[in-house]
Amino acid sequence: MKEIEISTKTTQSIIRCGKGAFEAYAPAYKDKQTFIVTDSNVFGYYRHLLWRTFGDRTPIYILPAGESSKTFRYLREILQKMIDEGMRRNGYVIAVGGGVVGDIAGLAASLYMRGIHLVQIPTTLLAQVDSSVGGKTAIDCKNIKNVIGSFYQPEEVIVDPVFLETLPDREIRCGLGEIIKYGALDKDIYSKLTENEARLKDPAFLEDITYSCINHKANVVRLDERETTGLRKTLNLGHTTGHAFELYYRKKSHGEFVLIGMYYELYIAEKHGVCGGRYAENLKKLILKVIKKAPAYEDVGKAAAMAKYDKKNAQSMRISMVVPGVEGKSAELTLGMDEYIAEIEECAAHIREGK
């Protein structure tokens, strides 16, 4: 069992990682006032575990599984149920699920009575390596991802690989998208990935790399909790194009779109001389190890235009991207909208031609 602490000027969060973490730490909340938010998939697998751990009278709100649940409607329903259950300011919202559950439950906790205790228990690989850590909460609105939200640190994050045993292969691929992103940001994680390319889905490897990714993110959040210095912006590597494609095509998971976004943005980074050589080729190889083939989408220019909604853009009609640079470092590129769309279309044409 390993522990990581995130201490900032205003908050402190502790992340407990490893086999048995849930059994060791979750029962501590049984005697507190708790309100569980989960989704239909997680509840289907683990309802008996939740009842046994937290008590069968603990109120539970069950979201429909999927990104489409990150809306005002479900946020309002969660808050209304918390009121109906008489939640007090010293109560605990416990998010048990993937990134969607963690995002909306965290936002509800930050709003209710101006903020009550929050515990994250991530059950997907993506949520364990990334979204449950760092205090970003949000819902989607007007076809824009995470546009309404808050920074609100969980008091505790319990990361137990036991939950990965029930994940479908697609959810493992989704998590690997964020893991490979960390590989482009951290030299040690990159080395682990390249040295264990054949073991990317091995449970022992995933447990080890999850801790490494969380540790990297914790170091970033300690220095730039609210994305004010630009350091935390690096964690959005691959996300500008990934989010744009996710909004337009909606056929793959978030992590898969992050990998696809990384692939397209690597092409742009190489074209602008920011990244290249064997390092760029190795990153592409890692990406294709997970998604098999980068898609050459139809209407890719229309999809790329969705990047205008990205929160990193500081200027109207200019697109900001965090892209791989030299090994273990990232770089920021800012392109005009027309140039960005043209280079995304150019990359798609190269994929079609097998280049």
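The table below gives the values:
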{"item": "Failed item, numbered, when residue 36 is tested on (1) assigned to a helix (DSSP H, G or I); (2) buried (at least 17 other Cβ atoms within 10 Å of the Cβ); (3) not aromatic (Phe, Trp, Tyr)", "result": "(1)"}
{"item": "One residue from 311, 302, 271 being more than 29 Å from residue 189 (Cα to Cα), in contact (Cβ under 8 Å) with a residue 40 or more places away in the chain and surrounded by fewer than 19 Cβ atoms within 10 Å (Cβ to Cβ)", "result": "302"}
{"item": "Selection count where residues are β-branched (Val, Ile, Thr) and in contact with a Ser or Thr (Cβ under 6 Å, 6 or more places away or on another chain), scope the range 127-138", "result": "2"}
{"item": "Yes/no for residue 123 being in contact (Cβ under 8 Å) with a residue 40 or more places away in the chain and either in the same structural domain as residue 75 (by TED's automatic domain parsing) or surrounded by fewer than 19 Cβ atoms within 10 Å (Cβ to Cβ) (or both)", "result": "yes"}
{"item": "Flag if residue 201 is in a helix (DSSP H, G or I) and either under 15 Å from the mean Cα position of the chain (by Cα) or surrounded by fewer than 23 Cβ atoms within 10 Å (Cβ to Cβ) (or both)", "result": "no"}
{"item": "Qualifying position, being within 30 Å of residue 16 (Cβ to Cβ), touching a strand residue (DSSP E or B) at 6+ places or on another chain (Cβ under 9 Å) and among the charged types (D, E, K, R), among 246, 225, 256", "result": "225"}
{"item": "Number of the condition not met by residue 211 [criteria: (1) modelled with pLDDT under 95; (2) out of contact with any Leu (no Cβ under 8 Å at 6 or more places or on another chain)]", "result": "(1)"}
{"item": "Total residues in the range 65-117, condition in contact with a Phe, Trp or Tyr (Cβ under 8 Å, 6 or more places away or on another chain) and within 20 Å of residue 46 (Cβ to Cβ)", "result": "8"}
{"item": "Residue that is modelled with the highest pLDDT, among those in the range 239-253 that are crowded, with 23+ Cβ neighbours inside 10 Å and under 18 Å from residue 171 (Cβ atoms)", "result": "242"}
{"item": "Strands (runs of 3 or more DSSP E) within the range 49-161 that include 2 or more residues of a type in the set (Val, Ile, Thr) and closer than 28 Å to residue 234 by Cβ", "result": "117-122, 136-141, 144-151, 156-159"}
{"item": "Among the residues listed as 217, 233, 251, the single one being of a type outside the set (Val, Ile, Thr), over 12 Å from residue 125 (Cβ atoms) and free of Cβ contacts under 8 Å to residues at least 12 places away in the same chain", "result": "251"}
{"item": "Test: residue in the range 136-148 that is touching a Cys at 6+ places or on another chain (Cβ under 9 Å), hydrophobic (A, V, I, L, M, F, W, C) and surrounded by 19 or more Cβ atoms within 10 Å (Cβ to Cβ)", "result": "no"}
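Quick grid of which residues meet (1) out of contact with any Gly (no Cβ under 6 Å at 6 or more places or on another chain); (2) at pLDDT 95 or above; (3) over 20 Å from residue 214 (Cα atoms); (4) in the same structural domain as residue 125 (by TED's automatic domain parsing):
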residue: 8; (1), (2), (3), (4): yes, no, no, yes
residue: 22; (1), (2), (3), (4): yes, yes, no, yes
residue: 78; (1), (2), (3), (4): yes, yes, yes, yes
residue: 89; (1), (2), (3), (4): yes, yes, yes, yes
residue: 94; (1), (2), (3), (4): yes, yes, no, yes
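The values are calculated or read from the model by the stated rules, or taken from the named source; none is laboratory data. As the structure is a prediction and not an experimental result, all values here were calculated from the model. When we count neighbours, we look across all protein chains shown, and the Cβ atoms used for this are built from the backbone with ideal geometry, even at glycine.
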